[in-house]
Amino acid sequence: MKRIMSISDLGKNDIDIAGGKGANLGELVSAGFNVPPGFVLTTAAYDYFLENSKINEKVRDILAKVDANAEPSLQDASARIRDLFDQVEIPADLKEQIISSHKALFKGKKMGLVAVRSSATAEDLPTASFAGQQDTYLNVETPEDLLDKVRKCWSSLYTPRAIYYRVTKGFEHSKVKLAVVVQKMINSEISGIMFTVDPNSELPHIIIEAGYGLGEALVGGKVTPDTYVLDKFHNKILSKRIAKQSWKLVRGKSGDCEKADIPEEMRSVQKMTDDQISALGEIGRNIEAHYDRPMDIEWCIEEKVIYIVQARPVTTLSNGSKPNGRTVEDHGLAKSAKILVKGLGASPGLAGGPVRIVSAELMNLEVVKKGDVMVTLMTSPDMVPAMTRAAAIVTDEGGMTCHAAIVARELGIPCIVGASHATELLKDGMMISVDGSMGVVYDGLAPKKEEAKAPAAVIAQSFPVTGTKVLVNMAIPQKAEEVSKLPVQGVGLMRIEFLFTSYIQEHPCALIERGESKFLVDKLADGISMVAKAFYPRPVILRTSDFKTNEYRDMEGGEKFEPHEENPMIGWRGCSRYVSDSYREAFKLELKAIKKVREEMGLKNLHVMLPFVRTIDEVRKITAMMTEVGLVRNRDFKLYLMAEIPCNIFMAEEFAEWCDGFSIGSNDLTQLTMGADRDSDVLGKMGYFDERNEAIKRAIEILIEKAHRKGCTVGICGQAPSVYPEFTEFLVKAGIDTISLNPDTVISTLNVIASAEKRILLEAARKTLQ
């Protein structure tokens with residue numbers, strides 16, 4: 001093993017030779033982040049020093065007598081061990097290598113200052129933070145001083161706090177070694193720390209602390225820094241706390257650090273500009289994305305250039321913290337409840353039960369019994385029957401708008417998505433609790449709590465009346481009676497896909513081939529009528545099937561009828577399927593089921609919505625098919641189009657000639673406008689998939705203006721209004737006619753809509769009075 005290596009030759013897997021700090025700095029360099037250049041004395045150099053010094057036995061004897069709970073014992077042991085290091089010279093050949101590497105760092109130019117930092121092999125680990133326990137030396141100038149500081153770094157492996165921490169964490173002293181990082185010194189004008197998650201509440205915020213001068217004063221808690229909080233996903237500054245700083249740490253005349261007064265006019269001003277805060281936040285997000293875990297980052301700025309001088313995993317997220325002061329104890333779990341898995345909280349609530357691993361290949365859905373926690377790589381429509389039995393759902397992959405998230409929110413059960421390796425870390429039969437609000441899986445069960453029931457009179461008077469119609473999204477007929485009791489004016493989106501996966505469970509073309517068309521029509525009509533009856537006479541808008549080819553292939557008999565597509569999300573789906581010769585008859589059976597519900601069952605409150613409409617010609621052909629079946633647009637039977645493709649916006653006036661209204665599918669509209677895969681966890685974290693993007697809002701405003709001009713209504717049935725209150729307020733101001741929500745968000749969003757409408761009226765009144 002080399003005794004000295006360039007930082008650029010190291011990576012995160014080199015902890016054993018470069019220590020945590022050295023390995024992480026090398027990883028950052030290889031990933032393209034701006035890190036001050038330098039080299040590392042590896043653990044081989046440390047071992048070589050010890051072998052030549054002959055002090056190993058003496059160090060072991062001193063440590064064997066240490067009482068970790070007695071401060072005097074720790075102090076004495078530390079002093080004696082460090083004195084042994086000071087008495088021994090670094091071997092001559094190693095000295096020569098260090099001095100040569102030091103000169104090479106400045107490439108023949110005038111020698112400058114360096115920072116000398118300890119890097120232990122048990123430091124900056126994902127599971128334990130040894131940060132700050134070994135020594136760091138700044139502004140080191142001469143080769144002789146560098147050699148002295150290297151030796152002091154080696155001996156700092158035996159500071160009292162380092163000895164104590166290793167004992168209490170169960171690390172053997174002999175197994176922990178020390179590397180030394182030597183880097184060009186950055187003369188920091190501003191420096192600080194950045195967390196890519198709020199370490200106290202675990203909210204998805206980036207926390208930046210900033211102060212004047214060298215960072216050791218801030219890291220050591222000697223000055224109070226500014227604190228800036230950013231929304232991690234959208235890099236928006238949420239809050240700023242400006243602290244007064246009267247002094248800073250700078251390089252002294254003798255090379256050591258010394259205090260310097262800050263001019264009075266600079267003491268209480270914001271240390272960083274907003275542009276610098278945003279730029280640093282973006283760097284933090286990218287570092288977290290690279291490591292795929294929350295990070296604790298040290299940084300500095302010299303001549304407006306941002307440098308990263310350290311990055312380590314945040315290790316304090318399993319302390320039971322919750323937003324708004326909520327702790328795991330509030331759920332009845334012990335304060336020490338162990339966090340097993342973390343991901344993206346996609347559906348709120350807390351539930352527990354035994355783990356049941358569902359394999360996408362085996363489709364062993366029968367293993368999931370009522371009250372189990374379903375754990376899988378990612379759910380598909382075929383898994384819905386098992387999902388309805390589950391108490392909670394955890395997936396390895398996915399984002400806020402993936403299949404698991406949407407179905408879980410409708411079922412009203414907790415769901416965590418994007419929980420990497422959950423299927424490996426959680427074992428069948430393990431008893432766990434799933435917190436869908438925080439995206440955390442705990443070891444053990446939370447006791448069930450009885451919910452207090454509010455008096456009917458209180459419930460009745462708690463719902464505001466809104467001018468914007470509030471509807472609800474539905475998929476599961478068995479939930480219709482329960483959901484119909486919500487203060488909504490109908491169903492804005494009933495998804496027919498659940499009926500295929502749960503009631504029929506076979507590809508429609510396979511049924512037609514076997515002569516079982518009537519079975520398909522009857523089963524669809526039964527499921528649709530359950531929802532129409534529950535909500536009668538309130539309208540129910542049924543969206544016809546919008547499976548992708550990969551989803552249809554997974555149905556029984558599906559492989560025979562479905563092609564393989566590289567990108568099914570923008571493939572043969574929606575209306576393009578209905579007008580195809582190979583699927584036209586199957587779509588007609590859906591139309592016949594709709595007619596049966598309306599005509600034979602008398603449920604005239606049922607209306608139709610077409611998904612993924614690409615061209616006017618598609619609508620023309622489908623309208624003819626509907627007429628052929630006996631479904632003709634009139635004032636009692638409405639036809640709506642999903643607006644989820646940019647062409648629907650550009651040609652809104654043309655499409656409006658063929659329908660009664662539009663319903664915005666914010667998920668697909670965002671995906672196709674922004675070119676961002678809605679299931680990409682990486683893009684979701686980076687903020688690309690966000691319905692609140694200005695481009696999406698502008699598209700919605702255009703659609704509303706054009707549709708209203710043609711006498712068509714515009715609603716929205718995507719996830720955004722259920723997730724973002726500020727987006728709901730935007731929709732109201734833009735003139736949206738209806739908002740269809742997930743059942744669990746109806747009450748809270750009603751209040752948001754009512755408040756927005758009141759503000760609009762108030763603003764209008766003020767303008768009138770002016």
- prompt: What ranking of Arg543, Arg573 comes out by heavy-atom accessible area, probe 1.4 Å, highest first?
  reply: Arg543, Arg573
message: Rounding to the nearest 10 and keeping the result within 0 to 90°, find how far the Cα-based axis of helix 584-595 lies from the longest principal axis of the chain.
response: 70 degrees
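Taking 8 Å as the Cα distance limit and 6 or more residues as the minimum spacing, I'd like the relative contact order of the chain as a percentage. Provide the component values of the computation, followed by the final result.
Working: 1566 pairs, mean separation 64.7, N = 770.
Once normalised by length, the contact order is 8 percent.
Could you list the trypsin sites (Lys or Arg not before Pro) in segment 707-770 that lie in coil according to DSSP, counting only those with at most 15 other Cβ atoms within 10 Å of their Cβ? Present the calculation step by step, with values, prior to reporting the outcome.
Values: sites: Arg709, Lys710, Lys733, Lys758, Arg759, Arg766, Lys767; in loops: Lys710.
Here the sparse-neighbourhood loop sites are Lys710.
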message: Taking every DSSP beta bridge with both residues inside the chain, roughly what % is antiparallel (nearest 5)?
response: 65 percent
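Provide the gained length on full extension for the span Met1 to Ser359, in nm with one decimal, where the gain is 0.36 nm per separating residue minus the Cα-Cα distance.
On the way: separation 358, 0.36 × 358 = 128.88 nm, distance 4.35 nm.
124.5 nm is the gain from fully extending Met1 to Ser359.
Provide the packing ranking of 93-103, 661-671, 624-634, i.e. peptides ordered by the mean count of other C-beta atoms within 10 Å per residue, highest first. Show your work: numbers first, answer last.
Working: 93-103: 15.7, 661-671: 25.3, 624-634: 13.6.
Descending mean neighbour count gives 661-671, 93-103, 624-634.
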- line: Taking a straight Cα-to-Cα line shorter than 21 Å from Lys485, and setting aside same-chain lysines fewer than 8 residues away, one finds Lys453, Lys469, Lys533, Lys604
- prompt: Say each of Leu113 and Asp522 gets a label point 7 Å from the Cα, pointing the same way as Cα to Cβ; how far apart are those two points in nm?
  reply: 8.7 nm
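Can you give the Kirkwood hydrodynamic radius for segment 595-736, in Å, rounded to one decimal and based on Cα pairs?
Details: mean 1/r = 0.0622 Å⁻¹.
Every distinct Cα pair counted, the radius reaches 16.1 Å.
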task: Excluding residues on the same chain fewer than 8 positions from Lys369, give the aspartates and glutamates whose Cα lies under 13 Å from its Cα.
output: Asp428
query: Counting only heavy atoms of protein chains, what accessible area per residue, in Å², does segment 532-573 have with a probe of 1.4 Å?
result: 50 Å²
task: Report the full-extension gain for the segment Ser100 to Asp76: residue separation times 0.36 nm, less the Cα-Cα distance, to one decimal in nm.
output: 5.0 nm
task: Work out how much length Asn550 to Asp261 would gain on full extension: take 0.36 nm times their residue separation and subtract the Cα-Cα distance, in nm to one decimal.
output: 97.4 nm
- line: Residues whose modelled amide H sits under 5 Å from the amide H of Met609, counting only those 5 or more places away in sequence or on another chain, are Leu542, Arg543, Thr544, Tyr640
- request: Measure off, as a whole percent, the carbon and sulfur share of the 1.4 Å-probe accessible area of segment 628-770, all protein chains present.
  value: 54 percent
statement: Computed on Cα atoms, the radius of gyration and Dmax of the chain in angstrom are 31.7, 99
- prompt: Per residue, how much accessible area does segment 611-770 show when a 1.4 Å probe rolls over the protein heavy atoms, in square angstrom?
  reply: 43 Å²
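For a protection proxy built on the mean count of beta-carbon atoms within 10 angstrom, sort 345-351, 179-185 highest first, please. Could the numbers behind the result be given before it?
Details: 345-351: 22.7, 179-185: 24.3.
Put in order of decreasing packing, that is 179-185, 345-351.
If you roll a 1.4 angstrom probe over the protein chains with everything in place, what fraction of the accessible area of segment 483-617 belongs to carbon and sulfur, to the nearest %?
Numbers: 2560 of 5180 Å².
With neighbouring chains kept in place, the figure for segment 483-617 is 49 percent.
When the solvent-accessible surface of protein heavy atoms is calculated with a 1.4 angstrom probe, in what order do His421, His507, His173 fall, highest first?
Values: His421 100, His507 0, His173 40 Å².
Ranked from most to least accessible, the order is His421, His173, His507.
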message: Can you compute the FRET efficiency between Ser755 and Lys236 using 1/(1 + (r/R0)^6), with r the Cβ-Cβ distance and R0 = 25 Å? Round to the nearest 0.05.
response: 0.70
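Order Asp16, Asp636, Asp526, most accessible first, counting only protein heavy atoms with a 1.4 angstrom probe. Each step should come with its number before you reach the end.
On the way: Asp16 120, Asp636 95, Asp526 70 Å².
Largest accessible area first, the residues go Asp16, Asp636, Asp526.
The values are calculated or read from the model by the stated rules, or taken from the named source; none is laboratory data. Nothing here was measured: the structure is a model prediction, and the numbers come from that model. Please note: Cβ atoms are built from the backbone with ideal geometry, for glycine as well, and neighbour counts cover all protein chains shown. To get the accessible areas, we keep the full protein, side chains included, count just its heavy atoms, and leave off ligands, DNA and RNA. Shrake-Rupley method; radii C 1.70, N 1.55, O 1.52, S 1.80 Å.
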